[in-house]
Amino acid sequence: KRQDIDPDRIAVAGHSEGGLIAPLVASTDSRVRAVALLAGPAYSGRRVLVYQNELGIRAIPGFTDAQRDSVRRTIPGALDSLARANPWFNYFINVDPAVALRKVKQPVLVLQGNTDTQVSPEQADTLAFILRKSGNTRVTVQRFPETNHLFLRDPSGAASGYSALKDQTIRREVLGALANFMVTALR
């Protein structure tokens, strides 16, 4: 209802967890004409968190394989405990992103950094597969080399190294891809 917003040119963009929320909005609101998913998850939060924890476990210096296995065994119980204590977390670890994705018929842009260690890079292909299998032929995937979860230039992508990165600016190529998609999709 805002005068400065054209109701015929609305798009939704979501980063990370927002990439889970954007398809929920688009699948239920016909006014949304385009969707951009930036490092959006294709898997349940449980699977994403197990992946993230695995990277952390592997990075612990000086641990034996037996010690790593011991830590791994604590993860499911810890996630379940958090889920019982927090309704949002319960939803996050159990929701299947594919349910909403299957209902998205608008043009979709999937952007992914190839060194993302928070949402594994192959999830971009999984998102595209789900959308296309459900009949959406207007899906574009763009990957960016040496780009982390925050879309910063980063050869390793380790979340623990974000603050040490010299350049804290979102890559121009990412912003350009997003802008080009929006201009084209909202014509």
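The values are calculated or read from the model by the stated rules, or taken from the named source; none is laboratory data. Being a predicted model, the structure only gives us computed values, none of them experimental. Don't worry about glycine lacking a Cβ; one is built from the backbone with ideal geometry, like all the others, and counts go over all protein chains shown. The protein model used for the area step is the full one, side chains on, heavy atoms only, and it has no ligands, DNA or RNA in it. Shrake-Rupley method; radii C 1.70, N 1.55, O 1.52, S 1.80 Å.
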Top-ranked residue in the range 144-187 [being out of contact with any helix residue (DSSP H, G or I) (no Cβ under 9 Å at 6 or more places or on another chain) and on the phi > 0 side of the Ramachandran plot; ranked as surrounded by the fewest Cβ atoms within 10 Å (Cβ to Cβ)]:
146
Any residue in the range 2-28 that's closer than 17 Å to residue 99 by Cα: show its pairings with residues that are open to solvent by 70 Å² or more (accessible area, probe 1.4 Å) and basic (Lys, Arg) at Cβ separation under 6 Å, as long as the two are six or more apart or on different chains.
27/103
Pairs please, first residue from the range 96-121 and modelled with pLDDT under 95, second anywhere and assigned to a loop (DSSP other than H, G, I, E, B) and not small (Gly, Ala, Ser), Cβ atoms under 8 Å, 6+ apart in sequence or on different chains.
none
Given the conditions (1) open to solvent by less than 70 Å² (accessible area, probe 1.4 Å); (2) within 21 Å of the chain's Cα centre (by Cα); (3) basic (Lys, Arg), report the number of the one that residue 103 does not fulfil.
(1)
Boolean, residue 90 is within 17 Å of residue 48 (Cα to Cα) and in contact with a strand residue (DSSP E or B) (Cβ under 6 Å, 6 or more places away or on another chain)
no
Checked 140, 169 against criteria (in contact with a strand residue (DSSP E or B) (Cβ under 7 Å, 6 or more places away or on another chain), modelled with pLDDT of 95 or more and not in a helix (DSSP H, G or I)); the one match is 140
